[in-house]
1. Determine, from the Cβ-Cβ distance of ASN28 and PHE72 and an R0 of 22 Å, the FRET efficiency 1/(1 + (r/R0)^6), rounded to the nearest 0.05.
2. Separation between the GLU123 and ARG136 pseudo-spin-labels, each 7 Å from Cα along Cα→Cβ, expressed in nm?
3. Relative to the longest principal axis of the chain, what angle (0 to 90°, nearest 10) does the C-alpha long axis of helix 143-152 take?
4. How large is the Kirkwood hydrodynamic radius of the chain, counting all unique pairs of alpha carbons, in Å?
5. Per 0.36 nm of contour for each residue apart, how much would the distance between ALA3 and ASP110 grow if the chain were fully extended, relative to their Cα-Cα spacing?
6. Toward the positive end of the charge dipole of the chain, about the Cα centre and with charges on Cβ (Lys, Arg +1; Asp, Glu -1), which of ILE139, PRO32, SER107 goes farthest?
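Just so it is clear, none of the values below were taken in a lab; they were calculated from the coordinates. From a predicted model like this one, the values you see are computed outputs, not experimental measurements. In this analysis, Cβ positions are derived from the backbone assuming ideal geometry, glycine residues included, and neighbour counts consider all displayed protein chains.
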Amino acid sequence: MTAAQPTPEAQFSALLSRFPSGIVALVNQSLPKLRRALPGTYELVYDYSESLVVSYSMSGRGYEATVAVAIFPTLVRLYFDKSVPDPKGLLEGDGSKVRSVILESASELDHGDIKALLEAAIEHSGVTFPRTGATRMVIKSSKKRAAKKSRRD
């Protein structure tokens, strides 16, 4: 008898366990808030050697994400499309596609400037999110990690 494949949530939990407990707590408090803000989306998890990235996309394609969360050992960043309005100048970076802000606490997603950025990203996306709907987590393999693994084989 073969063992059952772990659920995407169990796989994500295992991937997340390599990070410090404070980062894990921040992620575990933040992702449910993003799921509520972005109902019916795909929650696409990409595993890179030094980080995890969780993209929220209606299409199932990470590059079409409304927002993304990058999880690093020392911080969590919330990424937005570069063209999302940022009247307070909070977004950092000069990337050609995305800019980001450091997420200090999950409560920032409920009020204040980061909530305003999230609402602007939702409006800017042009997507009509359903009032309710389960977020579907999908674990994606990273091209970098897959390439490294194939070189080792």
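1. On the way: r = 16 Å, r/R0 = 0.71.
About 0.90, to the nearest 0.05.
2. Between GLU123 and ARG136, the simple spin-label model gives 3.0 nm.
3. Roughly 20 degrees, rounded to the nearest 10.
4. Details: mean 1/r = 0.0617 Å⁻¹.
That comes to 16.2 Å for the chain.
5. Numbers: separation 107, 0.36 × 107 = 38.52 nm, distance 4.01 nm.
Here the answer is 34.5 nm.
6. Toward the positive end, the furthest listed residue is ILE139.
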